[in-house]
Structure formats: C-alpha cells, structure tokens
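The values are calculated or read from the model by the stated rules, or taken from the named source; none is laboratory data. On a predicted model such as this, the values are computed, not experimentally measured, just so you know. Glycine also receives a Cβ, built like all others from the backbone with ideal geometry; neighbour counts cover every protein chain displayed. Side chains are part of the model used for accessible areas, which takes the heavy atoms of the whole protein and leaves out ligands, DNA and RNA. Shrake-Rupley method; radii C 1.70, N 1.55, O 1.52, S 1.80 Å.
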Amino acid sequence: MRPATLPIRLEQVAEDLALDRATPRATQSLRRRAAPLATPAAQLRLLKAVPLHTEFDALAGKELRPAQLDVFQVNLGKLCNMTCKHCHVDAGPDRTDAMMDDATVEQVLAAIRATGAHTVDLTGGAPELHPRFRSVVQAAFDAGKRVMDRCNLTVLLLPRNAGLVDWMAERQVEIVASLPHYRRPNTDAQRGDGVFERSVRALRVLNAAGYGKGDPQRRLTLVSNPAGAFLGASQASAEREWREGLRQNFGISFDRLFVLNNMPISRFLEWLQDSGNLESYLQRLVNAYNPAAIGGLMCRNTLSVGWDGRLYDCDFNQMLDLELDLPAGAHIRDFDEPAWQRRRIVTARHCFGCTAGAGSSCGGQTS
Amino acid sequence: MDTYYKGQHLADFAKISEGSPDLGKKFFDYYGAVFADGALTAREKSLIALAVAHAVQCPYCIDSYTQDCQQKGADFEQMTEALHVAVAIRGGASLVHGMQMREQAKKLGM
C-alpha cells in the first residue's frame, strides 16, 4: 500500500495547516474572531430585519417542489487552508471543531451505496484536508458514482497533497474549482494577496494531469463568483472570455465555467453589513427574482449532508442550521429517500440569492 | 428644481417613454440591442460605455456602468484603464486643435 493512502489523523492535518505559511489568507473565521454573526441564529435575525417588500415563499413557494435525487452532496467539514472574505461556510484553518467523524463517514458511505443518486459531490471547507477524503472518494467510485471534488485549488499545492491530482484523475473525479476571477485583482481581493498566483500554479498541475482538455473522465469545471455586492455575469459570455484570458495569459485550459451569486450568509453577510451594502444587495436579489431559475435549483435534486450527519436541502441551509423537514428526523443514519421525495423544501430570505438573475446553484446558472 | 441630478431619475428612466411611447420603445429596443453580445462582448461594450460616460460626464451613466462593468466581470484595473482612454481622447482632442492655433499663429506672426 502506498503511504499516501494511509489514513491521516486530524491532528496532523491541523498541525500542517498551522505551519503552512505559503497559503495567503484574507481574513479569519467569524468563530475565531468571536464575531457577532458567528452563529446561524444571529445571521437569520439580521436577514429578517432587512426591509423587503416581499418574502421568498410568496414568490416561489408554490413552484418549488422536490425532483428526483441526483446529487449526494457531503460536507466533510469546515477545515480549510484558506479564509476567503466571502466564505459561506465560515471555513478556515482553525475549524477542526466541525469535521466529520469516522462513525458518520461510515453512515454516509452506507447511504451512498444505497442511493439512486448518480453523483457524489464532496465539499467543505477543503474536503481534501479530511483524513478520510481518499477513502470516501474510493468508496463512491467503487459504488459506481460520479465523484465531484469542490476544490479551492491552493490546497492541491500543500506538500501533504502531493500526488493527489493524479490519484483523483485515476478515479475520474471531476474537479470543481473555485476561482473568483480569471485575473489577479478580484481573485486576490476576495481570497488574499498571492492566491491568484497559487491558483494558476494549481491549474497548471491539473492541466498537466490531463484535466481541462475535453476528456469527460478528467473534467475541470471552474466556479466564479462576484467580488462584491452585485450579481454574477452571464455564464456563457463569461466562459468565452475566461477561456481566452486564461489561455492567452497563462496557457491554461478548462472544460466549463459556472457563475454563482454570493449568498447573503456567514462571512459575505458580515462583509455586506460592514460595507453598508446589506439592504441594497438584498433588494437587488429580490428585484432580480427570476421564476425561470426555479427549475434548476439544486435544492430540488440534491441531498446535503453536514459534517455531523445532519441533513439539509442545500449547503446554504446547512450553514444556517435549517434542517430538512422530514417527520423521522434529519440524520444520515435514518435517511429515507421516499420520504425525502415528499418533503417541503425549507426556505428563507437567503434563497433569493439562488433565484436572482440567471439563477445560481451548485451546477452554475439555472436558466 | 432644488437639485438637477437625483438618484431616483435613473430608477425612473423608463418613464421618459410616457411623452412619446413609440420613440421611447424604439430607443430602448435599440439600446438593448446595442449592448448584447455581438462581435464585441457585452463586457467590452460595458467598458466602452463606462469610458464614454466619463467623456460626456453623465453621473447617471457612471453609476449605471460602474455596476454593469463589475457585474459583467470587469475588474477595477480594467475599468480604470477604460477611463484613461476617454481621458486621452479628451486631452488629445484639445491638444490636436493646437494645430489650428499653430497654423494661425505661424500665418499671422513674423
């Protein structure tokens, strides 16, 4: 057995991150700063206090119904080598408090083997930092699932992850890599000075491993989000520019681009409040409400599993502690797919982020 | 009028059609078509609009196209460079008229 496939203990990961001086960081987690918005309850209160002329359910309540389960999204925990300003997870190198334990990993793997969902979508934090990351990928791959890794790019350059890209390529893992912008200024503004340069290095590693070159078994998807209080650009138009910009300036290629909106929760919510943009941003989301975006929303076809095994309609609800509305409770050990099909999707004001403009979901724009 | 420029004017701009619905519709249809992706991308057109907005010193347009450029994925460096194009042309336009001054001065002077 290769040493790299041995389980690595969380303490070692945390120690590596504490010693990591190479990854730039834009801020610290709300939790570490004991910021007023560190709790989901405080975030929901702030959102509720904004004067809006309508509510999400009034616009979308009737239309928003579950579809079939396609995507099994697992949040392995909040540990991350970076601390981006807009993070909706409040992830960071200090977040060892919120990492999936071994018993929960086993329950998740059992559910993955049983589910009809075709895709297992791994997120975090930086999911690659979880000690069980490779065993989760392997188990999902062995169960015949398509695996997606939601990757921050810079994590691939950490010494502990040497060889990981090739290992994932062998298992046809799709890399869904976040990169705010194809040029330095907006990327570094959001993620920290120097992140863009390290992201470009990671993209070169991915290209060298065959990612981003049109091979469906080595798909590289980039995910962009706005660096500020405005909506995402048109995905098709942006993809053409990114393709040209990354090729010309850095010789980098990728397969597709997703453009997401920023959700008004966690650290982005804090930034909105501090910058005086909160009210106008929420109003912008409401005014840009697009009924055509409903059909493609991820909450309809995705199960979101939290680091502690609790279940949600999406990763954003997960961060706000808005659990799945299921009679038998919402934990992965009790997951009942037929009951999931009949559920009512839980919504609140942050949901306007997903229905604004061209729509926004884990799979990019929805209309 | 207590003040000539008001932020609300921009939000209410569509009401300008009330005086002449036909012409208003023609203008706004044309306007929308101009800014669609074409041989130039919508982002490039937005940067041109931002530069022109500064050349014609229209605060409504500056407000509008600053947001539009950001939303279309332009960054601060690109927006500032676009602005300098307007500045260069405005400055250059003044300076190149100096050629008229020069010609006159040469003719009249000894």
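Looking at region B:1-79, the chymotrypsin sites (Phe, Trp or Tyr not before Pro) that sit in a DSSP loop and have at most 13 other Cβ atoms within 10 Å of their own Cβ are B:Tyr4, B:Tyr5. With 15 Å as the cut-off, how large is the P(r) tail for region A:25-66, expressed as percent of Cα-Cα pairs? Cα-Cα pairs in region A:25-66 separated by more than 15 Å: 62 percent. Across region A:50-66, computed HN-Hα scalar couplings (Karplus, 6.51 cos²θ - 1.76 cosθ + 1.60, θ = phi - 60°) run 6, x, 10, 8, 8, 10, 4, 4, 5, 8, 10, x, 6, 7, 7, 10, x Hz from first to last residue, x flagging Gly and Pro.
The H on the amide N of A:Val223, modeled in the peptide plane, is under 5 Å from the matching H of A:Ala177, A:Ser178, A:Leu179, A:Phe258, each at least 5 residues off or on a different chain. Entry note: region A:130-250 has Rg to Rh equal to 0.97, where both radii use alpha-carbon atoms and Rh is the Kirkwood radius.
Shielding by partners for A:184-190, please: the mean number of other protein chain Cβ atoms within 10 Å of each residue's Cβ. What the average comes to for A:184-190 is 2.
Accessible surface calculations at 1.4 Å, restricted to protein heavy atoms, place chain A at 39 Å² per residue. Interface burial in region A:221-249 reaches 20 Å² or more for A:Phe230, A:Leu231, A:Ala233, A:Ser237, A:Arg240, A:Glu241, comparing the full protein assembly with the chain by itself; accessible area from heavy atoms with a 1.4 Å probe. With distances taken between every two different alpha-carbon atoms, region A:255-367 has a Kirkwood hydrodynamic radius of 14.9 Å.
Based on alpha carbons, the Rg and Dmax found for region B:20-107 are 17.1, 54 Å. Charges on Cβ only, +1 for Lys and Arg, -1 for Asp and Glu, centred on the Cα centroid of the protein assembly as shown; of A:Pro51, A:Ala356, A:Leu206, which one is farthest towards the dipole's positive end? Of the options given, the answer is A:Leu206.
Full extension of the chain segment joining A:Glu279 with A:Arg256 gains 5.0 nm, where the gain is 0.36 nm per residue of separation less the Cα-Cα distance. Specify whether the C-alpha gyration tensor of region A:31-354 places it in the rounded, prolate or oblate class, a ≥ b ≥ c being the square roots of the eigenvalues: rounded for a/c under 1.5, otherwise prolate if a/b is larger than b/c and oblate if not. Cα axes put region A:31-354 in the rounded bin. Of A:Lys85/A:Lys145; A:Lys62/A:Lys213; B:Lys15/B:Lys45; B:Lys6/B:Lys72; A:Lys48/B:Lys45, which ones are farther than 31 Å apart at the Cα? Flagged as over cut-off: A:Lys85/A:Lys145; A:Lys62/A:Lys213; A:Lys48/B:Lys45. In order along region A:91-97, the Karplus-derived 3J(HN,Hα) couplings, from 6.51 cos²θ - 1.76 cosθ + 1.60 at θ = phi - 60°, round to 7, x, x, 8, 8, 6, 6 Hz, and Gly and Pro are given as x. Here chain A exposes an accessible surface that is 50 percent carbon and sulfur, computed with a 1.4 Å probe and the other protein chains kept in place. Each chain gives up part of its surface: A and B jointly bury about 1100 Å² of accessible area, both sides summed, for a 1.4 Å probe.
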